[in-house]
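First comes the structure, then the notes that go with it.
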Amino acid sequence: MGISAYSRARSYPNMKTVGELSLLVCLIIVCFNGRGWSQRLPRPQPQQSQVPCFFIFGDSLVDNGNNNGMLTLARANYRPYGIDFPQGTTGRFTNGRTFVDALAQLMGFTRYIPPYSRARGPELLRGVNYASGAAGIRDETGDNLGAHSSMNGQVANFANTVMQMRRLFRGDTNALSSYLNTCIYYCGLGSNDYLNNYFMPNFYTTSSDFTTKAYADALIQDYTRQLTQLHSLGARKVIVTAVGPIGCIPYQLARYHGNSSRCNENINKAILLFNSELRKLVDRFNGGQLQGAKFVYLDSYKSSNDLYQNGTAYGFEVIDKGCCGVGRNNGQITCLPLQQPCADRRKYLFWDAFHPTELANVIFAQSAYQSQSYTYPVNIQQLATL
């Protein structure tokens, strides 16, 4: 019986990487109980993805339902959110797929990566999404909106996942480490540290405690520690994203009354300080500070700005208003429950006051995966093969 199971593993013609084979063999070991397939665990299917697993850390740009059960205003588990998503309303803060949904599909994953709030058992082997709306690098970030899981909390949740996976590997820590080393990790934090912290002086003191340069440095210091913790838990292939031009989102446009620019450049200039230091951090990690690290810097500031400046080239007719929202630029109040959104979402760059539409997410994912226009030092397709 054991030999025939091994023969089945060798017979899959689409097995191209050690990671893919290791996932199948791991599942065979876990599920086989000496008499036949366990009744409690499913028979493994051949893995078609370029890497065996994908772990996601971030905020509402990539949250896929972790905030649904929390007491918070940062939730999207109501219509019309998900109006174009096959599974309907899930807690994604857009009309359809998020950036990481589209990226996972490009990497060959046939099912969406599950949220940490409901990921269980063998499905952990495909990866987990820990992202939480309103989350930031700093713990207090987003407290104005209610409960959430900060980056520190998300790293702690990943550590818990690794402990659960150790049981799936029957305590073989070396095999587990080798497996985790082949996965891809996405980290997209920092937006809320500006939007729902530094530039919210009525709720936070950081803008009086730090200059914009000192605040960027403090964020990088915290982020360095958090990313180092992920490395110690097995992360090697890591995508870190720049913060986008928050000064240009409908929420800010609805509040900004500048004369020289459509966007709030004071916010954008502060963000660029953080992004510059983040790219330097990638160089340090890849230069030997973290052994075996393969970090990729994803310039979501440049990509978002390009879409904003050249929207018509991508089919966008409306670049400064949310498809769903209330007030000036549909950005004074974000999309309300059961509100009627715009009819043609493909013409809008922004879905609501804060988040891009599915089409914008897909365009960004395709460019990040296939080209080096917004990635450094390699694109994500190349990262998967390293």
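Give me, ordered by chain and number, the residues 5 or more places off VAL296 or on other chains with an amide H under 5 Å from its own placed amide H.
Excluding prolines and chain starts, which carry no amide H, the hits are VAL238, ILE239, VAL240.
If the limit is 18 Å between Cα atoms, which of LYS237/LYS302; LYS213/LYS302; LYS321/LYS347; LYS269/LYS347 go over it?
In this structure, LYS237/LYS302; LYS213/LYS302; LYS269/LYS347 lie more than 18 Å apart at Cα.
Explain nothing, just compute: Karplus ³J(HN,Hα) = 6.51 cos²θ - 1.76 cosθ + 1.60, θ = phi - 60°, for every residue of the range 51-61 in order, whole Hz, x for Gly and Pro.
Once rounded to whole Hz, the list reads 10, x, 8, 9, 10, 10, 10, x, 10, 5, 5.
So who's got an amide H within less than 5 Å of the one on ALA353, skipping anything under 5 residues away but keeping other chains? H placed 1.01 Å off N, in plane.
Those lying under 5 Å, H to H, from ALA353 are CYS335.
So what J values fall out for the range 222-232 if you push phi through Karplus, 6.51 cos²θ - 1.76 cosθ + 1.60 with θ = phi - 60°, rounded to Hz, Gly and Pro as x?
Coupling constants for the range 222-232: 5, 5, 4, 5, 5, 5, 5, 4, 4, 4, 5 Hz.
What net charge do the residues around VAL296 carry, taking every other residue with its C-beta under 11 Å from that of VAL296, with Lys and Arg at +1 and Asp and Glu at -1? Each step should come with its number before you reach the end.
On the way: positive: LYS237, ARG279, LYS294; negative: ASP299.
With Lys, Arg at +1 and Asp, Glu at -1, the neighbours total +2.
Give, as a single signed number, the net charge of other residues whose beta carbon lies under 15 Å from the beta carbon of ARG225, with Lys and Arg counted +1 and Asp and Glu -1. Intermediate values should be presented prior to the final figure.
Values: positive: ARG138, ARG284; negative: ASP139, ASP193, ASP217, ASP222, GLU277.
Charge balance in the 15 Å sphere: -3.
Considering only protein heavy atoms and a probe of 1.4 Å, how much of the accessible area of the range 155-261 is carbon and sulfur, as a whole percent?
C and S atoms contribute 49 percent here.
For the range 126-197, what is the accessible area per residue in Å², given a 1.4 Å probe and the full set of protein chains?
I get 29 Å² per residue for the range 126-197.
Sum up the charges of everything whose Cβ sits under 15 Å from the Cβ of ALA147, counting Lys and Arg as +1 and Asp and Glu as -1, but leave ALA147 out. Write down the numbers at each step before the final one.
Numbers: positive: ARG75; negative: ASP59, ASP63, ASP139, GLU140, ASP143.
So the surrounding residues net to -4.
Tell me, in nm to one decimal, what length is gained between SER371 and SER177 on full extension, where the rule is 0.36 nm per residue of separation less the Cα-Cα distance?
Extra length available between SER371 and SER177 comes to 66.9 nm.
How large is ³J(HN,Hα), in whole Hz, for each residue of the range 64-69 in order, when computed from phi with the Karplus curve 6.51 cos²θ - 1.76 cosθ + 1.60 and θ = phi - 60°, using x for Gly and Pro?
Taking θ as phi minus 60°, the curve returns 10, x, 5, 8, 4, x Hz for the range 64-69.
Given H placed on each backbone N at 1.01 Å, which residues far from ARG97 in sequence or on other chains put an amide H within less than 5 Å of it?
Amide H neighbours of ARG97, under 5 Å, 5+ apart: none.
Please state the relative contact order of the chain as a whole percent: Cα pairs under 8 Å, 6+ residues apart? Before the final figure, lay out the partial values.
Values: 754 pairs, mean separation 60.4, N = 386.
It rounds to 16 percent for the chain.
Could you rank the peptides 372-383, 182-193, 86-97 by their average count of other C-beta atoms within 10 Å per residue, with the highest value first? Write out the running numbers ahead of the final one.
On the way: 372-383: 17.1, 182-193: 26.2, 86-97: 20.2.
Highest to lowest by the protection proxy: 182-193, 86-97, 372-383.
What value in Å³ per residue do you get for the convex hull of the alpha-carbon atoms in the chain?
On the way: hull volume 52.7 nm³, N = 386.
It is 136 Å³ per residue.
The values are calculated or read from the model by the stated rules, or taken from the named source; none is laboratory data. Predicted, not measured: the structure shown is a model, and the values here were computed from it. Virtual Cβ from ideal backbone geometry, glycine too; neighbours counted across all protein chains shown. Note: accessible area is taken over every heavy atom of the protein model, side chains too, but ligands, DNA and RNA are not part of it. Shrake-Rupley method; radii C 1.70, N 1.55, O 1.52, S 1.80 Å.
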